[in-house]
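Down below is the structure, laid out as structure tokens.
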Amino acid sequence: MDKATRQLVRQRADNRCEYCQLHQSNEAALPFHLDHVIAIKHRGSDDMENLALACGVCNRAKGTDIAGIDPDSGGLTRLFNPRTDLWADHFFRDGPLILGKTTIGRATVWVLQMNVEQRVELRTLLLKLGEL
Ligand SMILES: [Zn+2]
């Protein structure tokens, strides 16, 4: 992936993880990754329309996954797609927690481990600092 594409993806995302919404400035030591929304192994492309900015935690947890199990219904569902879905349609914040509004949101929160202790602690701190 060329530098220009990386810059465009970062700019489009306003330097926020497109899954958990963490801003790059709140994790300056760990540069965010370019995520293939649909992994190459599932025939995803390197096109801008298949790329998203993701923090290291979301990117590692997502890996090449494209689907998950909704913890409420137990049903198989696709993951959130930052290119075609609106964040607020699928997620909401309850204090430092990110919760799913939909099957897609709940499965994505679960697969991407959005509420692991270190992330909740970070969001709690950011809330106290007024940065979230
Ligand atoms: Zn993230």
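The values are calculated or read from the model by the stated rules, or taken from the named source; none is laboratory data. Computed from a predicted model, the values in this text were never measured in an experiment. Heads up, the Cβs are rebuilt from the backbone with ideal geometry, glycines too, and the neighbour counts pull from every protein chain shown. Quick note on the areas: whole protein, heavy atoms, side chains included, nothing else; ligands and nucleic acids left out. Shrake-Rupley method; radii C 1.70, N 1.55, O 1.52, S 1.80 Å.
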Are any residues in the range 81-103 of a type in the set (A, V, I, L, M) and open to solvent by 20 Å² or more (accessible area, probe 1.4 Å), and if so, which ones?
-> 86, 88, 97, 99
Does residue 85 satisfy being touching a residue at least 12 places away in the same chain (Cβ under 8 Å), among the charged types (D, E, K, R) and away from the ligand (no atom under 16 Å from the Cβ)?
-> no
Qualifying positions in the range 1-32 - in contact (Cβ under 8 Å) with a residue 40 or more places away in the chain and either more than 22 Å from residue 87 (Cα to Cα) or among the β-branched types (Val, Ile, Thr) (or both) = 1, 5, 9
For residue 46, all conditions in the list (1) surrounded by fewer than 17 Cβ atoms within 10 Å (Cβ to Cβ); (2) within 16 Å of the ligand (Cβ to nearest atom) hold save one; what is the number of the exception?
-> (2)
What are the residues in the range 9-32 that are assigned to a loop (DSSP other than H, G, I, E, B), charged (D, E, K, R) and within 10 Å of the ligand (Cβ to nearest atom), if any?
-> 18
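Here are 46, 35: which of them is part of a loop (DSSP other than H, G, I, E, B) and without any contact (Cβ under 8 Å) to a residue 60 or more places away in the chain?
Working: 35 fails: part of a loop (DSSP other than H, G, I, E, B).
Of the residues listed, the single one that is part of a loop (DSSP other than H, G, I, E, B) and without any contact (Cβ under 8 Å) to a residue 60 or more places away in the chain is 46.
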Given (1) in a loop (DSSP other than H, G, I, E, B); (2) touching a helix residue (DSSP H, G or I) at 6+ places or on another chain (Cβ under 9 Å), where does residue 61 come up short, assuming only one miss?
-> (1)
So which of 54, 29 ends up being under 15 Å from the mean Cα position of the chain (by Cα) and small (Gly, Ala, Ser)?
-> 54
Specify which of the listed residues (74, 56, 68) is among the small types (Gly, Ala, Ser), crowded, with 16+ Cβ neighbours inside 10 Å and under 22 Å from residue 105 (Cβ atoms).
-> 68
Please name all residue pairs, on different chains or six or more residues apart, with Cβ atoms under 7 Å, provided the first residue is in the range 51-62 and is farther than 16 Å from residue 12 by Cβ and the second residue is part of a helix (DSSP H, G or I) and within 9 Å of the ligand (Cβ to nearest atom).
-> 57/119
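Take residue 123 and decide whether it is within 12 Å of the ligand (Cβ to nearest atom) and either within 11 Å of the chain's Cα centre (by Cα) or closer than 27 Å to residue 8 by Cβ (or both).
Numbers: within 12 Å of the ligand (Cβ to nearest atom): yes; either within 11 Å of the chain's Cα centre (by Cα) or closer than 27 Å to residue 8 by Cβ (or both): no.
Criteria not met by residue 123.
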